[in-house]
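The values are calculated or read from the model by the stated rules, or taken from the named source; none is laboratory data. What you see is a predicted model; the values in this text were computed from it and never measured. A quick note on method: Cβ atoms are made from the backbone with ideal geometry, for glycine too, and the neighbour counts reach across all protein chains shown.
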Amino acid sequence: MTDRNDKRRKTLILTGASRGIGHAAVKRFSSAGWRVITCSRTAFSEDCPWEAGPEDHVQLDLSDPEGLTLAIQEMRHRLTDGRLDALVNNAAISPKGDGGTRLGTLDTSAQIWTDVFQVNFFAPMMLARGLVAELQAAKGAIVNVTSIAGGRVHPFAGAAYATSKAALAALTREMAADFGPLGVRVNAISPGEIETAILSPGTEELIEDIPLRRLGAPEEVAKAIYFLCSEQASYVTGSELHINGGQHV
């Protein structure tokens, strides 16, 4: 099912759109007729396969609170009808040590903790609060992208990343309670090992611990995000959907 027959074209704002899950989500929503406003640290790439990319792209650094405030103003300016149907907080950072090693609690600097929580936790909250009027006007949906690392010690994801994702899962529940009376649904998806260009070396070794015995595809995650933003999930809020081939069981 698509939204092409809707009288008003729906709009999505998506962070972390330049690759992997974000890239797949843009294509999924675009194919359903949505307008997609993308946000990432990099400028819009001419190689991206969706229309209206350059004029619907906001370049911002989520680690800069002041810059994020200005970017929210720009996003609101682009929502000419004052309505936002979906906000997907997908952008995240996961710093590594020398040689790509995992950073644990004993070797993660205070600055890394601050940067990771700003991007992975505070930015989603700031975006949701800054766009609440537009989300309420559209009776829209928010999807936060957490991680399987938020519920267990992961061999590759660092301590700051893992705890920020655990905090984001808790924030999703809090937001669902606060935004629900406004008619805005808030859910999370928790991906496991997804086959993208940023996989850590050795990820293939984890396949034997996944009941489905394979890595996930970005398109499979994008479908779940779309479901949570659609009318098919109209009575779903405060949930965290695991997309990991059963790795969490």
Neighbours by Cβ (under 9 Å, 6+ apart or cross-chain): first from the stretch 97-121, crowded, with 16+ Cβ neighbours inside 10 Å; second basic (Lys, Arg) and assigned to a helix (DSSP H, G or I) = Asn120/Lys165; Phe121/Lys165
If we scan the stretch 227-246, do we find a residue that is charged (D, E, K, R), surrounded by fewer than 20 Cβ atoms within 10 Å (Cβ to Cβ) and within 30 Å of Val132 (Cα to Cα)?
-> yes
Screening Lys165, Lys139 for residues that are in contact (Cβ under 8 Å) with a residue 12 or more places away in the chain, within 25 Å of Leu12 (Cα to Cα), in contact with a helix residue (DSSP H, G or I) (Cβ under 7 Å, 6 or more places away or on another chain) and among the basic types (Lys, Arg) leaves only Lys165
Any residue at all in the stretch 185-193 that is hydrophobic (A, V, I, L, M, F, W, C) and assigned to a helix (DSSP H, G or I)?
-> no
Inside the stretch 140-158, can you point out the residues that are at pLDDT 95 or above and not hydroxyl-bearing (Ser, Thr, Tyr)?
-> Gly140, Ala141, Ile142, Val143, Asn144, Val145
Restricting the stretch 46-70 to residues that are surrounded by fewer than 16 Cβ atoms within 10 Å (Cβ to Cβ) and aliphatic (A, V, I, L, M), the one modelled with the highest pLDDT turns out to be Leu70
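If you check Gln136, Gln73, which single one turns out to be over 29 Å from Ser239 (Cβ atoms), among the polar types (S, T, N, Q) and either at pLDDT below 95 or over 18 Å from the mean Cα position of the chain (by Cα) (or both)? Before you say what the answer is, go through the steps one by one.
Values: Gln136 fails: over 29 Å from Ser239 (Cβ atoms).
Unique residue meeting the criteria: Gln73.
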Residue, surrounded by the most Cβ atoms within 10 Å (Cβ to Cβ), within the stretch 130-186, restricted to residues that are basic (Lys, Arg) and either closer than 30 Å to Ile207 by Cβ or in contact with a His (Cβ under 7 Å, 6 or more places away or on another chain) (or both) | Lys165
Restricted to the stretch 231-249 and to residues being without any contact (Cβ under 8 Å) to a residue 40 or more places away in the chain and assigned to a loop (DSSP other than H, G, I, E, B), the residue farthest from Phe29 (Cα to Cα) is Val249
Quick one: which of Arg185, Arg102 is of a type outside the set (Ser, Thr, Tyr), modelled with pLDDT under 95 and more than 16 Å from Thr15 (Cβ to Cβ)?
-> Arg102
Kindly list, by first and then second residue, each pair from a residue in the stretch 66-87 that is in contact (Cβ under 8 Å) with a residue 24 or more places away in the chain to a residue that is acidic (Asp, Glu) and surrounded by 19 or more Cβ atoms within 10 Å (Cβ to Cβ), limited to pairs with Cβ atoms under 7 Å and residues at least 6 apart or on different chains.
-> Arg76/Glu134; Leu79/Glu134; Gly82/Glu134; Arg83/Glu134; Leu84/Glu134
The condition of being part of a loop (DSSP other than H, G, I, E, B), out of contact with any Phe, Trp or Tyr (no Cβ under 8 Å at 6 or more places or on another chain) and among the basic types (Lys, Arg) holds, among Arg173, Arg214, only for Arg214
Sole exception among (1) modelled with pLDDT of 95 or more; (2) touching a Gly at 6+ places or on another chain (Cβ under 6 Å) for Pro218, by number = (1)
